[in-house]
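Worksheet: the structure to be examined is printed underneath.
The values are calculated or read from the model by the stated rules, or taken from the named source; none is laboratory data. The model shown is predicted, which means the values in this text are computed figures rather than measured ones. Positions of Cβ are backbone-derived with ideal geometry, glycine not excepted, and every protein chain shown enters the neighbour counts.
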Amino acid sequence: MDYDISVIPGDGIGPEVVGQALKVMNKAAQRFGFGLKINQLPYGANHYLKTGVILPEEAFSELSSTKAMLLGAIGDPRVAMGPLEQELLLALRFRFDLYVNLRPAKSFPNVKIPINTVPDGEILDLLVVRENTEDFYMGLGGLGQGGYQGSIKAKRGLYHLEGSVKIDLSPKTDLAFSLGLISAPAAQRVAEKAFTLAKQRGAKHLHVASKANAVPQLYGFWDEQVNQVAKNHPDIALKRLNVDNLCYQLPRAPMDFGVILCPNLFGDIVSDLASSLIGGLGLAPSANLGDHLAMFEPVHGSAPDIAGTGKANPIAATLSGSLLLNHLGQSQAAQAIERAVKDYLSQGLDLPFELGGQASVEKVGQILSLALETMPIK
Ligand code: NAD
Ligand code: IPM
Ligand code: MN
């Protein structure tokens, strides 16, 4: 059996880590008797600088025929920050209505954690469930001089939005604004997913991040929607925290947390924090899920500071590949990749630079591929 998957390696360390992830995924596929037909797409900064096009309309139709895609990272210092990320990465999330962003952060034996709060022999197992379509990611905003007047427009899987904004500032000064929006169905569907995942893990509680104290319209509404959904799950205690307090509590007592539901922006931030608690961004995978296509990507970005040096850790991309294979129904292959990563990190030999070793991105890929090749399989 062959699976069609689309791959956008993207920018910076994206192609480096995706190259290794694909190598490992292909080895796993070989071992478990299936094939991966990879449709590699060139989008990213280089393509944009060459053609002036970020993501053509044909790409959406091409992608909609595949069940899953893997993305490296988007963002390049030669291009202004924003448009590339918005019109490529965020556009994919929104157009395919990938409304859930799962960001597990699971620690590994013998991987040093910067703060010493995970007891020896125990595993920190966090799962950030991030709303992935709304909040301050609506792309609604503008710049004005003395005020602003203009129309706003957005499209999501759940709705079309059109309106206008008029702002007068007195005295007149330059301004920028951005609108956050949370709709009831978008908040409720991700909350439902978080409760379901918490239940699957046998969790007794679910944490939810909010900030209704400072932004009551938006996050007070978010709280109400989550509370509504909580009524269907009386066996799971909902623990609400303001996101600032969450960022304080999480590093102090990470073992008290499991599934953490977040609105989009806080989810972005909290998932980087969570990755730090397990040893680094290079270990943190993610899945963008909707009802159709799913997109898998490391939590990290294009890391321009280390791009081209060989110092990138490909494990986050590789584990994203494992989540992808699991999504395709190849759970044994997915677990084999997880096992290879776990064994490799437990041995503590030839570690990636991020974890204090000297193994290049290529070398880590080789080690994991070899492990997949030789691993005993029941
Ligand atoms: P970043 O995640 O790229 O890097 C943050 C830090 O983590 C850097 O010091 C980097 O060297 C390190 N790091 C990240 N991944 C690593 C890995 N695999 N191995 C070892 N070290 C790793 O965040 P940033 O610097 O804020 O962003 C750089 C660019 O990436 C920006 O253009 C940003 O918009 C973009 N970005 C894209 C995505 C994405 O495509 N999903 C995610 C985050 C940031
Ligand atoms: C991420 C990134 C993106 C986000 C950026 C690049 C738009 O930080 O995937 O975590 O904010 O979602
Ligand atoms: Mn991020």
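Close contacts from the stretch 184-199, counting a first residue that is in contact (Cβ under 8 Å) with a residue 40 or more places away in the chain and a second that is of a type in the set (Phe, Trp, Tyr) and part of a helix (DSSP H, G or I), with Cβ to Cβ under 7 Å and a gap of 6+ residues or different chains, come to 187/222. Each residue in the stretch 165-207 was checked for being modelled with pLDDT of 95 or more, among the basic types (Lys, Arg) and not assigned by TED's automatic domain parsing to the domain that holds residue 263, and 1 of them qualify.
Considering the stretch 235-351, the qualifying helices (runs of 4 or more DSSP H), each wholly inside and each with 3 or more residues that are among the small types (Gly, Ala, Ser), within 16 Å of ligand 3 (Cβ to nearest atom) and on the phi < 0 side of the Ramachandran plot, run over 264-277, 315-327.
From the list 68, 21, the one residue that fits, being touching a His at 6+ places or on another chain (Cβ under 6 Å) and modelled with pLDDT of 95 or more, is 68. Limited to the stretch 1-20, what total is found for residues that are buried (at least 24 other Cβ atoms within 10 Å of the Cβ), touching a Gly at 6+ places or on another chain (Cβ under 7 Å) and outside any strand (DSSP E or B)? Residues that pass the stated criteria total 6.
Considering the stretch 276-294 alone, what residues qualify as being more than 10 Å from ligand 1 (Cβ to nearest atom) and not β-branched (Val, Ile, Thr)? If you could, list the steps in order and put the result at the bottom.
Filtering the stretch 276-294 down to residues more than 10 Å from ligand 1 (Cβ to nearest atom) leaves 277-279, 285, 287, 289-294.
Listed by number, the residues that qualify are 277, 279, 285, 287, 289, 290, 291, 292, 293, 294.
Of all residues in the stretch 176-192, those being touching a Pro at 6+ places or on another chain (Cβ under 9 Å), outside any strand (DSSP E or B) and over 17 Å from residue 232 (Cβ atoms) number 1.
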